[in-house]
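The values are calculated or read from the model by the stated rules, or taken from the named source; none is laboratory data. Quantities reported herein were computed from a predicted structural model and do not represent experimental measurements. Quick reminder, even Gly has a Cβ in these numbers, built from the backbone with ideal geometry, and neighbours come from all protein chains shown. These accessible areas exclude ligands, DNA and RNA; they are computed on the full protein's heavy atoms, side chains included. Shrake-Rupley method; radii C 1.70, N 1.55, O 1.52, S 1.80 Å.
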Amino acid sequence: MAEVKVKPEAPDPLEIENRIIELCHQFPHGITDQVIQNEMPHMEAQQRAMAINRLLSMGQLDLLRSNTGLLYRIKESQNTGKMKGSDNQEKLVYQIIEDAGNKGIWSRDIRYKSNLPLTEINKILKNLESKKLIKAVKSVAASKKKVYMLYNLQPDRSVTGGAWYSDQDFESEFVEVLNQQSFKFLQTKAEAARESKQNPMIQRNSSFASSHEVWKYICELGISKVELSMEDIETILNTLIYDGKVEITIIAAKEGTVGSVDGQMKLYRAVNPIVQPAGLVRTPCGLCPVFDDCHEGGEISPSNCIYMTEWLEF
């Protein structure tokens, strides 16, 4: 499949601000600049600073000082004015949705927690949506159902499926392209290390690459139309580990080092399997986590196994 390079568009300042507000909701006690940098590694320092300064000037954030440095925290009084003039039932529903965070909540669960009639809940939800206080988001877990969350929140990956889903459809070709390109990058790095003719230990160490290096390589290729995070790339790298193509090691890193989290950094390198796996292991049954529960006539059985069907067709 031919590669199509797509130049990523410059991020909208409003999207950056909404993402920072979302992070503040996820961490009510406050976030540091390092947290913002880890969540938005593609963002330049100047863009982050402009977004933070704008939120501070609008009174949406509080600036605090702690032992670890400066903290940015959402103002507690920010949402109080939004519900001015609302009745107690509407405030209750809003509070339930706010507590659900960016994972959202089903209308059924709202009904259970509020003890309100379903007709009343539907009326309140429509009213809150019209005021742009909440929004309904389709979940990949159940295509015909919607979850509700605050209007300014970015849905969690468990709701949208992250970068791997488009309109609730899994982008298998896109994942495969990322898988191939990530492995190609690690292979190239390993080959360069071998050709350096240095001692084996130096060759081995220089063959490793951080997830940030792989992420940067993928971004520079321009093969993704969506914005990828380092977490997305680490998910791809994990699939390569499961396939036996890549190995991982974790080292200590100084605080603030690009690609490090909590003083640790993950490094990856391409490997060649010494022994080819046996034929049985290559079948779906060889890697199936519910192998012991699989039997004919049961809920899990060979006759209705989609993985076995796809393997046989291949």
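Entry remark, segment 55-86: residues being modelled with pLDDT of 80 or more, farther than 12 Å from Ile21 by Cα and surrounded by 14 or more Cβ atoms within 10 Å (Cβ to Cβ) number 1 in total. Taking segment 120-141 as the range and being part of a strand (DSSP E or B) and closer than 11 Å to Ser107 by Cα as the test, only Ala136 passes. Residues of segment 94-110 being touching a Leu at 6+ places or on another chain (Cβ under 7 Å) and among the aromatic types (Phe, Trp, Tyr), which ones? Tyr94 - this is the single residue of segment 94-110 that is touching a Leu at 6+ places or on another chain (Cβ under 7 Å) and among the aromatic types (Phe, Trp, Tyr). Within segment 231-261, track down each residue that is open to solvent by less than 20 Å² (accessible area, probe 1.4 Å) and farther than 21 Å from Ala190 by Cβ. Those that are open to solvent by less than 20 Å² (accessible area, probe 1.4 Å) and farther than 21 Å from Ala190 by Cβ: Asp232, Ser260. Ile202 versus (1) farther than 17 Å from Val175 by Cα; (2) of a type outside the set (Ser, Thr, Tyr); (3) in a loop (DSSP other than H, G, I, E, B): which is the lone unmet condition? Just one mismatch for Ile202, condition (3). Consider segment 110-119 and keep the residues that are without any contact (Cβ under 8 Å) to a residue 12 or more places away in the chain and not in a loop (DSSP other than H, G, I, E, B). The one that is most open to solvent (accessible area, probe 1.4 Å) is Tyr112.
This table checks each residue for (1) of a type outside the set (Phe, Trp, Tyr); (2) more than 24 Å from Phe174 (Cβ to Cβ).
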| site | (1), (2) |
| --- | --- |
| Asn102 | yes, no |
| Ser107 | yes, yes |
| Tyr112 | no, yes |
| Lys123 | yes, yes |
| Val147 | yes, yes |
| Leu150 | yes, yes |
| Ala163 | yes, no |
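Among the residues of segment 218-234, not a single one is without any contact (Cβ under 8 Å) to a residue 24 or more places away in the chain and of a type outside the set (Asp, Glu). Only one entry of Leu153, Leu178, Leu186 meets the criterion of being surrounded by 18 or more Cβ atoms within 10 Å (Cβ to Cβ) and in contact with an Asp or Glu (Cβ under 6 Å, 6 or more places away or on another chain), and that entry is Leu153.
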